[in-house]
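Novice: Can you read through this structure? Questions will come right after.
The values are calculated or read from the model by the stated rules, or taken from the named source; none is laboratory data. Since the model is a prediction, treat every value here as computed from it, not as a measurement. As a convention, Cβ positions derive from the backbone with ideal geometry for all residues, glycine included, and neighbour counts pool all protein chains shown. SASA here: full protein model, heavy atoms, side chains in, ligands and nucleic acids out. Shrake-Rupley method; radii C 1.70, N 1.55, O 1.52, S 1.80 Å.
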Amino acid sequence: MHEEKSNEKHKLNRKESITLRALRQYHSYNPRYFPLSFLQIAFREISPYFNLWMSAEIVTALYEGREKWELYLLVAITLFGNLFVQILQAILGRSAEGALEVLRDNEAAQFYLKTLSLDYDKMEDPDIRHLRRKIRENSNINNYGVENMRYAVLDVMSGGVNLVFSLILFVEMVSLMTALPFHFTSLFLFVAMIVLCVLTIALNFRSNRKSSANWNQIGDLMLKENKLGQGYQTDGMDNRIYRQQHIINKLYEKSHNEHLKGFSEAAQKDFFLTVPVSLVSDLSEVCAYLIVCLYCTMGVFPLGSVIKYVGYLSRIISNIENLFFYMGRFRGNERFLKTYLEYFDIKNDMYQGSLAVEKRSDKRFDIEFQNVSFQYAGSDAYAVKNINLNLKVGERLAVVGMNGSGKTTFIKLLCRLYDPTEGEILMNDFNIRKYDYRQYLDIFSVVFQDYHLLAMPLGNNVASSDSWDTEKAERLLEEVGFGERYMEMTKRLETPLYKNFDEDGVNISGGEAQKIALARALYRDAPFIILDEPTAALDPIAEAEIYSKFDRIVGDKTAIYISHRLSSCRFCDKIAVFDKGEIVQLGTHEELLSDEKGKYHELWHAQAQYYT
């Protein structure tokens, strides 16, 4: 109960401060970036105020006819002051750029680490995959999300620094003005300026809200156009054969025209929203000019101060307006930040277990499926249903059946990438959920049908580690049939695979990649070896040869071979025949083939006609 209340409170807090929470998270990726940016902005923004001040002093000196050396001194201070500020700003700018690069790298790394840390069922959940894609698409459209927030923070910093500098010098101006007795005209102009300034802020706020809604609609149209473009990206072969390009062009042109029409309408609406804001803002600046000129004619300010104080007053007004504009940007960007944070808020719910997996020299890990059924997220149909099966140490099990019969789902349940929807899986009489999750995974070596190798040295791929046992790796590569190709590699295990990151990298064929993947599975020396149709692209004879060779190498380990080709696995101790998610037959090749009404007999003879 206490935990539920705490979680509810946490959710409420997050609702109240989406931007602040996103900013804290983003800032944590590199805490040096925003302070460095603030210092750079401060020195960048002080430059115009310094120049206004010095220009006013030089004009006043000229008007008063001061000594030449005083004029030279003022000019020298202006020049060297600007040089100092520019040098410091450049140093801070370079540091801020470096810090931004680190921040972006860390942000990308955290995003992918979050993805990798998710339970496997969540990585394949359509809603979560859509959420991840939406974040990327938002980022590609006008940098919506954390990048847009970063720009807004920098703009607020700039506006805030400008406002502080303006107010400091505004106080100086007001202190000089109060030296004179009350003046009705100046009071009227001050009140008018303040009223116009407040009106500008109100109009700006209204304009920002409507403008944000308009441009969000444009963002949605651009997302639609991007999705269409990505959905029809092909290598061109189908397009050439079936002449589909005109259909794609028509769909894309329709979406593009909708986007352009929306863009034009939004720009037009923006124009009519900003015109009254600009007019009122200009009137407030006119009031500022009149106030300064009035006091200058009364002798309160020297002539040069007209330049200085008019500049300060107009900057105060524009900076206040800009701050409200930037705050509007924060609000408009919140829905994109919410999507971003939603992804990081996804909780893993797969129980991790605590029971240690015993390290056994006899590799005795007996596994039993008891009435196991499973449904994928968002599906009403069962991928596998009522699976009952025993796996004994050292056995060879073949899992066969047509595509979509549930073979790969069975393996994912065995490896605990998913937990059963119904039933349970036992290992040595304990539910596998009770075992430490990481230790349980370590007892399996799997070559999936969609396996991947890394663009790294061959040794790293075989060992799946930073270091490797050279003798062991070379022996396994030789055993899986990669020896001849290996001898052609001058750098041996140091040879980079592919050219993604190294021009000296070696491109390998699909068959060679399969052999490296097999060597990787053997190198781990796990009690269970599983081949999930990694050789599906090969012809049946080549597949059967690889399976039989691999079976000799496996030795006393428990091995599971998955294939929809029955001839490849006839050497196994047991064959489980899957059909529509269920095990419809279980036995040896001879036993199953003798049942003329069975599924195995049907599949065997259906396939055999192509090879006899």
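Novice: Out of residues 5 or more away from residue 579 or on other chains, whose amide H comes under 5 Å of its own, with H placed 1.01 Å from N in the peptide plane?
Specialist: 584
Novice: Tell me which residues come under 5 Å, amide H to amide H, from residue 393 once H is placed; ignore anything under 5 positions away on its chain.
Specialist: Placed amide hydrogens put 365 under 5 Å from residue 393.
Novice: Would you please classify the overall shape of the range 347-410 from the alpha carbon gyration tensor, given that a ≥ b ≥ c denote the square roots of the eigenvalues, rounded means a/c under 1.5, and beyond that prolate means a/b larger than b/c while oblate covers the rest?
Specialist: oblate
Novice: Output ³J(HN,Hα) for the range 111-119: one whole-Hz value per residue in order, computed from phi by the Karplus curve 6.51 cos²θ - 1.76 cosθ + 1.60 with θ = phi - 60°, and x for Gly and Pro.
Specialist: 5, 6, 5, 4, 4, 5, 7, 5, 4
Novice: Hey, another quick one. For residue 552, project a label point 7 Å along Cα to C-beta. Then give me every residue of the range 518-533 with its amide nitrogen under 20 Å of that point.
Specialist: So the set is 518-523, 529-531.
Novice: Using 32 Å as the Cα-Cα cut-off, could you pick out the over-long pairs in 359/412; 434/597; 122/407; 347/549?
Specialist: Violating the 32 Å Cα-Cα cut-off are 434/597; 347/549.
Novice: Sorted by average packing, counted as other Cβ atoms within 10 angstrom per residue and highest first, what order do 575-587, 124-136 take?
Specialist: Details: 575-587: 19.7, 124-136: 14.7.
Going from most to least packed, we get 575-587, 124-136.
Novice: To continue, here is another question. How do 448-459, 494-505 rank on mean C-beta neighbours within 10 Å, highest first? Walk me through the numbers on the way to the answer.
Specialist: Details: 448-459: 16.1, 494-505: 13.8.
In decreasing order of mean packing, 448-459, 494-505 become 448-459, 494-505.
Novice: Relative to the present Cα-Cα distance, how much length would full extension add between residue 55 and residue 488 at 0.36 nm per residue of separation?
Specialist: 148.4 nm
Novice: Roughly how much of residue 464 is accessible, in Å² to the nearest 10, using a 1.4 Å probe?
Specialist: Counting only protein heavy atoms, the figure is 80 Å².
Novice: How big is the accessible area of residue 147 in square angstrom, nearest 10, if you roll a 1.4 angstrom probe over the protein chains?
Specialist: My reading of the accessible area for residue 147 is about 30 Å².
Novice: Here's another thing I want to ask about it. What are the ³J(HN,Hα) couplings of the range 502-514, residue after residue, when phi is run through the Karplus curve with 6.51, -1.76, 1.60 and θ = phi - 60°? Round to Hz, x for glycine and proline.
Specialist: With coefficients 6.51, -1.76 and 1.60, one gets 9, 5, 8, x, 10, 7, 10, 6, x, x, 5, 5, 4 Hz.
Novice: Another question, then. So what are the ³J(HN,Hα) numbers for the range 31-42, from phi and the Karplus equation (6.51, -1.76, 1.60; θ = phi - 60°), rounded to whole Hz, Gly and Pro as x?
Specialist: x, 7, 5, 5, x, 5, 5, 4, 4, 4, 5, 4
Novice: Sticking with this one: Multiplying the sequence separation of residue 386 and residue 472 by 0.36 nm and subtracting their Cα-Cα distance, what value in nm do you get? If you can, show how the numbers build up before the last one.
Specialist: Working: separation 86, 0.36 × 86 = 30.96 nm, distance 4.12 nm.
Result for the pair: 26.8 nm of gain on full extension.
Novice: Then there's this: What figure in square angstrom, to the nearest 10, would you give for the accessible area of residue 358 with a 1.4 Å probe?
Specialist: 110 Å²
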